[in-house]
Amino acid sequence: MKKAFRNDAHAKVTGQAIYTDDLKLHDMLHAVPIYSELPRAKLIFLDTSAALKLPGVIAVITAKDIPGNIYYGQIIKDYPVLVDKDINSTGDVLALVVAKTREQAIAAVPSIKIELQPLKPILDPEEAMNPEADILHPSHVSNLTNYHRVRRGDVTSAEKEADIIIEEEFSTSRVEHSYLEPESAICHLRCDGVMEVFGSMQHPFSTRRFVASTLGVELKDVEVKLLTSGGGFGGKDDTAALVCARAALCAWILKKPVKITYTREWSMRESYKRHPYKMRYRMGLNKEGKILSVKARIVADGGAYCSVTPWVTWRSTVQSCGCYEVPNVETDVYGVYTNNIFSGAMRGFGSPQINFAVEQLVEIAAEKLGIDEITFRQINMVKQGSTTITGQVLENHLVSLNQVLDTVLKESDYKNKRQLCSFGNPNHQEWYGIGLAICYRGVSLGAEGTDVNSAILYVQPDGSVLLETGVFENGQGSESAMILIAAEQLGLPLERIRYRMPSTSNIPDGGSTVASRGTIMGGGAVVKAANILKQIVGEAVQKYTGKTVSNFENSQLLDPSGVLIMSWDEAIKLCYNNQIYPYAFGVFQPPQISWDEETGQGNAYYTWVYGCQAAELKVDPKTGIVKLLNMIAAHDIGKAVNPFALKGQYYGGMAMGAGYALFENCPCENGLVVPTNFNKYRLPRSIDLPEMKAIFIENPDPVSPSGAKGIGEPANELMAPAIANAIYYATGKRYHSLPIRIKI
Amino acid sequence: MITVNGINYYDYDPERKLSLWLREDLSLTGTKIGCDIGVCGSCTILINGEPKLSCRLKVKDVENCNIITIEGVALPDGTLHPIQQAFIDAGAIQCGFCTPGMVLTAYALLKKNPHPTRQQVRQAIRGNLCRCTGYQQIIDAIMLAAERLDLKQP
Ligand code: FES
Ligand code: FES
């Protein structure tokens, strides 16, 4: 049997892996947050005197104690680490109680007297967009965090030529990432003056910026070390960084190590969510089944703070017409401030919402035209050499949409099973349905940020190797993927390579391990570093033996005719004996992208991935309960680096997509997140999910040095529309909002 | 007296929450806290062989009981239990936060039912949330462990 490889599996299966809350430092104090009860208010007064008299309480830290900047943020610096005057959300933290134990700190919270002056909250994005509305962030000119658009062709004339025009509205829910490990941080001021931060986060460099800004110190004075992370899914950025910044603040003031570990309730109350979207689409079509035009208006509730809303909605803009060729497009996308809990990055990053709408929209269009939904997709979907709605010609990689679609059609026996669908037939005991969805996805960040990553390979005198890259482990197995790529490149067994404990002080910032970019970017950097390393070693061997090294295989160096020159260990010894360091720093920089914000035109992403997912299900006509029968996915992942981990990404992504479709919802009432634990927030459990099938389509990407692309997000962005379509074929009813509740 | 992973304890605060006693006082941090209200299964331990949620119990509830935590599953020489090995081999581990609870739930299941169907495994782990894996490879792992344990029986 083939076995999975993970460098951290042994520690995790024996309970030895150290997550942040598992760590204790000597003389460590505990801090807990105090929240605002109102979604919008002015903080008038905060009396800590009674709390300070309670047993174990050491201090109550407020905004006045912040030596650096009170406000920080990834794009707009609008988030108060602690509130000084303006409250914009019930996730806002007014103060921190620090005590000898966490229980003592929690016990002191009710003794803090808080006086707020309530202001009328704005909870509906449409209301916030009204020019008459109060400006929530006075330093910002409007309640828009951003506005993106696409302008292509001429929608008005295209609509005149159209045989039919359809108009549909869709909305999606606010979703909690639900990493099983709540936020946790431990900070202490080291004797060399560096604030050392241990935590669980998406991107240690982002955390470092939050901490340095709060303390008012330089980046060199903060070192962030990522401990084992109990899941992220895009969700451990701003909030996790704020938790670290607050722990660092307490440690800075009190000169003692400070831990903050969130309860699930605090985590769900304060942490950002997936953006709820409202989407209005108008599509013009001709009788032959061609999409002539799309006009789309998309509004994203960004909540109280900006976070990465401009980037999330940018992806929605670029992908606003799904994976279809549309010659005439007018897309307007708004990111809006409200007083709801803020929204930010989550696995999928602005595409699950769009796919939910577009993959139903195309089926509605096909049905209106009397064309089957697969043929309609085949007519309109992007093919080799197609031009996207932003004017990018898809020619630098294999466009494999037809391949993923055909694979799923065949593997699921879609066409035959589609004939069996119930369509709400009253004579059926249970309603059966099958549905699918397809997508393309721009790889990595696009115009969301600078795309570069680096890797260090450092061979020790005994021939063993230390590896480090700018990608970070959030549970997905990125370290293992990097080790596998390095081992293959160097011709060494896996056990000779160790991944160094990541730290922000060792390697340059390679951007966040998000956007499914870990494998392509980090893997690319590992390949570059390995090439440099092989050149260093090869040149040394050439110089001292006169022999040309052409291959590194099975811990051996071979000449062009495959004859052994010397072993890897001997070659490394030779390097060290001659004062040559086998140390390589590799950088991977993908091709530049281009973007014009005015017209929404440009080469938005340097390459694309393609995927298709399908689901079969049954609906009980009496109760409306949906039972999933199976789920299947085919994605072009470029190259399978770590097959078991890759499958894990498929399955986990499909499961999360199923949760999005059927269960998950995080409504806000008067700005306060309603479900604050897993008793009220319904995650998919084992019995809710069916057997799943994962199919790899491997078309190595010429842009990717390792050939691999990404999977984390594509796997998560299709199951909701696939299920929605299956529900339509089962019940005969379209559901336009998430999560789907069947009305009987 | 309380026995934890073969060691007897006599001195404890009976009112202390069991999960905290294990994590903070005995440094057995493999027991995780995901929800603290008894709905996620991260804090699962075995009490007299039965999977129980340590966040819902006090120390006094387990007096005279035999407790096994994830740290007590492998052999003293470090050899992994076949269930642990199967979790590694089948790719059932991602972030690992649910893993201790899953392994212990599986341990109890296979003691009772050495030849479960996939559906029975699904039922058995329904109290253990996992956000990463979609449960598929966890079920694969438990089926694999059952198969291997079976081969070991004479
Ligand atoms: S922590 Fe005990 S069940 Fe979640
Ligand atoms: S592996 Fe992350 S929650 Fe299960």
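Values as computed for the structure displayed
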| item | result |
| --- | --- |
| Counted residues, the range B:84-116 - those being more than 13 Å from ligand 2 (Cβ to nearest atom), touching a residue at least 40 places away in the same chain (Cβ under 8 Å) and within 18 Å of B:Lys52 (Cβ to Cβ) | 4 |
| Members of the range A:47-75 that are in contact with a Pro (Cβ under 8 Å, 6 or more places away or on another chain) and farther than 20 Å from A:Thr239 by Cα | none |
| Filter result for A:Arg741 (more than 30 Å from A:Lys3 (Cβ to Cβ), part of a loop (DSSP other than H, G, I, E, B), open to solvent by 20 Å² or more (accessible area, probe 1.4 Å) and more than 11 Å from chain B (Cβ to nearest Cβ)) | yes |
| Residue identified as in a loop (DSSP other than H, G, I, E, B), touching a strand residue (DSSP E or B) at 6+ places or on another chain (Cβ under 9 Å) and within 14 Å of another protein chain (Cβ to nearest Cβ) among A:Ala17, A:Ala4, A:Ala11 | A:Ala17 |
| Near pairs, Cβ below 8 angstrom, 6+ apart or cross-chain, from the range B:50-64 (within 14 Å of another protein chain (Cβ to nearest Cβ) and within 10 Å of ligand 1 (Cβ to nearest atom)) to any residue that is open to solvent by 50 Å² or more (accessible area, probe 1.4 Å) and at pLDDT below 95 | none |
| Among (1) in contact with a strand residue (DSSP E or B) (Cβ under 9 Å, 6 or more places away or on another chain); (2) within 16 Å of ligand 1 (Cβ to nearest atom) - the single one B:Ile139 does not satisfy | (2) |
| Options A:Lys24, A:Lys64, A:Lys42: the member that is within 14 Å of chain B (Cβ to nearest Cβ), at negative phi and open to solvent by 50 Å² or more (accessible area, probe 1.4 Å) | A:Lys24 |
| Subset tally (residues that are in contact (Cβ under 8 Å) with a residue 24 or more places away in the chain, away from ligand 2 (no atom under 16 Å from the Cβ) and among the polar types (S, T, N, Q)) for the range B:2-48 | 3 |
| A:Asn7 in contact with a Ser or Thr (Cβ under 8 Å, 6 or more places away or on another chain), at pLDDT below 95 and surrounded by fewer than 22 Cβ atoms within 10 Å (Cβ to Cβ) | yes |
| From the options A:Lys2, A:Lys64, residue that is more than 27 Å from the chain's Cα centre (by Cα) and closer than 30 Å to B:Gly72 by Cα | A:Lys2 |
| Unique residue being more than 14 Å from chain B (Cβ to nearest Cβ), under 29 Å from the mean Cα position of the chain (by Cα) and not in a strand (DSSP E or B) when the list is A:His177, A:His140 | A:His140 |
| Near pairs, Cβ below 6 angstrom, 6+ apart or cross-chain, from the range A:93-116 (under 16 Å from A:Thr62 (Cα atoms)) to any residue that is open to solvent by 70 Å² or more (accessible area, probe 1.4 Å) and not aliphatic (A, V, I, L, M) | A:Glu115/A:Phe45 |
| Selected residue (only one of A:Ala185, A:Ala128 is more than 14 Å from chain B (Cβ to nearest Cβ), assigned to a helix (DSSP H, G or I), among the hydrophobic types (A, V, I, L, M, F, W, C) and open to solvent by less than 10 Å² (accessible area, probe 1.4 Å)) | A:Ala128 |
| Selected residue (only one of B:Ile67, B:Ile33, B:Ile37 is surrounded by 21 or more Cβ atoms within 10 Å (Cβ to Cβ), of a type in the set (A, V, I, L, M) and in a loop (DSSP other than H, G, I, E, B)) | B:Ile33 |
| Of all residues making up the range B:123-154, the number that are within 7 Å of another protein chain (Cβ to nearest Cβ) and either farther than 19 Å from B:Asp89 by Cα or in a loop (DSSP other than H, G, I, E, B) (or both) | 9 |
| Single unsatisfied condition, B:Ala74 versus (1) in contact (Cβ under 8 Å) with a residue 60 or more places away in the chain; (2) in contact with a His (Cβ under 7 Å, 6 or more places away or on another chain) | (1) |
| Among residues of the range A:429-444, those that are among the aromatic types (Phe, Trp, Tyr) and open to solvent by less than 10 Å² (accessible area, probe 1.4 Å), counted | 1 |
| Selection status of A:Leu38, closer than 30 Å to A:Glu669 by Cβ and modelled with pLDDT of 95 or more | yes |
| Test: A:Gly562 is of a type outside the set (A, V, I, L, M) and buried (at least 16 other Cβ atoms within 10 Å of the Cβ) | no |
| Hey, A:Arg441 of a type in the set (Lys, Arg) and out of contact with any Phe, Trp or Tyr (no Cβ under 7 Å at 6 or more places or on another chain) or not | no |
| Any chance A:Asn328 is open to solvent by 20 Å² or more (accessible area, probe 1.4 Å), touching a residue at least 24 places away in the same chain (Cβ under 8 Å) and in contact with a strand residue (DSSP E or B) (Cβ under 7 Å, 6 or more places away or on another chain) | yes |
| Some residue of the range B:99-121 being more than 25 Å from A:Gly712 (Cβ to Cβ), away from ligand 1 (no atom under 16 Å from the Cβ) and either among the hydroxyl-bearing types (Ser, Thr, Tyr) or assigned to a strand (DSSP E or B) (or both) | yes |
| In the range A:469-518, the residues that are open to solvent by 20 Å² or more (accessible area, probe 1.4 Å), touching a Phe, Trp or Tyr at 6+ places or on another chain (Cβ under 9 Å) and among the hydrophobic types (A, V, I, L, M, F, W, C) | A:Leu484, A:Leu494, A:Val514 |
| Residue that is nearest to ligand 2 (Cβ to nearest atom), among those in the range A:191-226 that are at pLDDT below 95 and part of a loop (DSSP other than H, G, I, E, B) | A:Ser200 |
| Residue within the range A:324-332 that is of a type in the set (A, V, I, L, M), modelled with pLDDT of 95 or more and more than 23 Å from the chain's Cα centre (by Cα) present | yes |
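The values are calculated or read from the model by the stated rules, or taken from the named source; none is laboratory data. The model shown is predicted, which means the values in this text are computed figures rather than measured ones. Counting neighbours? That spans all protein chains shown, and the Cβs are built from the backbone with ideal geometry, glycine included. Side chains are part of the model used for accessible areas, which takes the heavy atoms of the whole protein and leaves out ligands, DNA and RNA. Shrake-Rupley method; radii C 1.70, N 1.55, O 1.52, S 1.80 Å.
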